[in-house]
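All remarks here apply to the structure that follows.
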Amino acid sequence: MIAFISCLCHGIVLASILLTPAGAGIFGGTDVLYGRIGTDITLKCKAANNRIIQWKVNGTFVTLSNNLKEQNGSLVLLMADLSMEGNYSCHDETTRLLYLTQLKLGYPPSKPLVHCVASNFYRISCMWENSQEGSFPVRYIATYRTPSSNIFNCPRDSLSNICQIDNPQMFASLPYVINITAVNPIGHRTTLLDVMLFDIVQPDPPVNITAEPVFGSPRRIRVQWDYPLSWGSQFKLKFVLEYKLQKYNFWSRLDTKMTTEIITDAIAAQLYAIRVKTKDFFDNGKWSNWSSEVFVTPWRETTTESIQSTVTTQMMDFVQTLSQSTTPTLSPNVIPSSSDVLDRNIVILISIATSIGICIAATTFVLWIRSRRQESDKNDILTKKALTL
């Protein structure tokens, strides 16, 4: 049945070719004769029998040779080559013009190289390149047969060689058959391509990739991305997240069904490159190309000594400011009493003690946070090793 339908497709194409005159229409005027390089070509003069015929090419009388023969008034070109192109005319004994034609030589078109892609389940796009054989103009006849054996002309952009099939049948057991035929004045070549939607679907890469450090966790990186814009949200995707130290070529891999993941084994303070690719959730078709790489450095941990130094400096500045604000402004003739001096010293001592207490508390808190974070990272590593075993 499939063979019969394929023959039917060929029949439709051949009929359209045969109904188009070789020298007319899209291929030029009626006074043009097309021939194939390397074949014998006969030019017939439209004259009565027994008349003396003279042939000219580009206005000059033809000199007969091994490659140019005259038979019963006709001019025969043996193993024609490009040097034999030109304007040929035949004349009677009075040099009156009897027949004029332009001879063009070339090759049949090459077989179209067709490939089909689908970035989603809503459209199949098939593309091919223009034939580079010879100098003849080439036109293309594009049709396709559906799994239900209906044959349609391919909707396509007249300026580009793209055939598009919208809303293809998703769960068909038979393929679409794409028929692309290249036609020029001396021949045609056809390519038939079977296409199964589930075999060729290939999503575009994920978009809006972002990577950011996790505050307080020098070994963690949060990565997020979105579905490609061309993919329908009702069809789920799966993903592969890869990451590596920017200066090395070894990638670590993380398979996921989510659009957010956290890397837990990063090396602190090192620059990482991250990329993502995707595929249909049920493993149909092909993986997408990789997304563009994004770069990120994990959260940088501040040392305890620097924290303590910073806090101490800030506390001392605070004490100095406080002592200056509590010092009374005295006129030159006023002498402070001993009780006033004692009260002021007590306030300064209390401020210093408070500052030292705050500094100790801040340092203790930072050490506690650091201990908890190291314990969490250690548990993550032990969990991964246990899962691997």
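Distance between the 7 Å Cα→Cβ label points at Asn58 and Asp255: 6.9 nm.
What translational D, rounded to a whole number of µm²/s, comes out for the stretch 114-200 from Stokes-Einstein when the hydrodynamic radius is the Kirkwood one over Cα pairs, at 10 °C and 1.306 mPa s? Before the final figure, lay out each step's value.
Details: Rh = 13.6 Å.
Translational D for this selection: 117 µm²/s.
Could you give the Stokes-Einstein D for the stretch 207-296 in µm² per second, using the C-alpha Kirkwood radius, 20 °C, 1.002 mPa s? Stokes-Einstein gives a translational diffusion coefficient of 157 µm²/s. Annotation: extensible slack from Gln246 through Phe295 equals 16.8 nm (criterion: 0.36 nm per residue apart, minus Cα-Cα distance). Cα centroids of the stretch 207-236 and the stretch 138-192: 39 Å apart. Semi-axis lengths, largest first, of the ellipsoid equivalent to the stretch 179-257 are 44, 17, 11 Å, with √(5λ) applied to each eigenvalue of the Cα gyration tensor. Here the Karplus curve 6.51 cos²θ - 1.76 cosθ + 1.60, taken at θ = phi - 60°, turns the phi angles of the stretch 92-104 into couplings of 8, 5, 9, 6, 6, 5, 10, 7, 9, 8, 9, 9, 10 Hz, with x standing for Gly and Pro.
Scalar couplings 3J(HN,Hα) for the stretch 239-250, obtained by applying the Karplus form with A = 6.51, B = -1.76, C = 1.60 to θ = phi - 60°, are 9, 10, 9, 10, 9, 7, 4, 4, 8, 10, 10, 8 Hz; x denotes Gly and Pro. Of all lysines in the structure, those lying under 17 Å Cα to Cα from Lys257, and not within fewer than 8 positions of it along the same chain, are Lys236, Lys238, Lys277, Lys279, Lys286. With a Förster radius of 30 Å applied to the C-beta separation of Ser230 and Thr146, the computed FRET efficiency comes to 0.85.
In this structure the amide hydrogen of Phe121, modeled in the peptide plane, comes within under 5 Å of the amide hydrogens of Gly232, none closer than 5 places in sequence on its chain. Residues whose amide H falls under 5 Å from that of Cys154, counting only those 5 or more places apart or on a different chain, are Ala142, Thr143, Tyr144, with hydrogens built in the peptide plane.
The numbers here are math on the coordinates, done by the rules we state, and not lab data. These numbers were taken from a predicted model, which means no experiment stands behind them. As a convention, Cβ positions derive from the backbone with ideal geometry for all residues, glycine included, and neighbour counts pool all protein chains shown.
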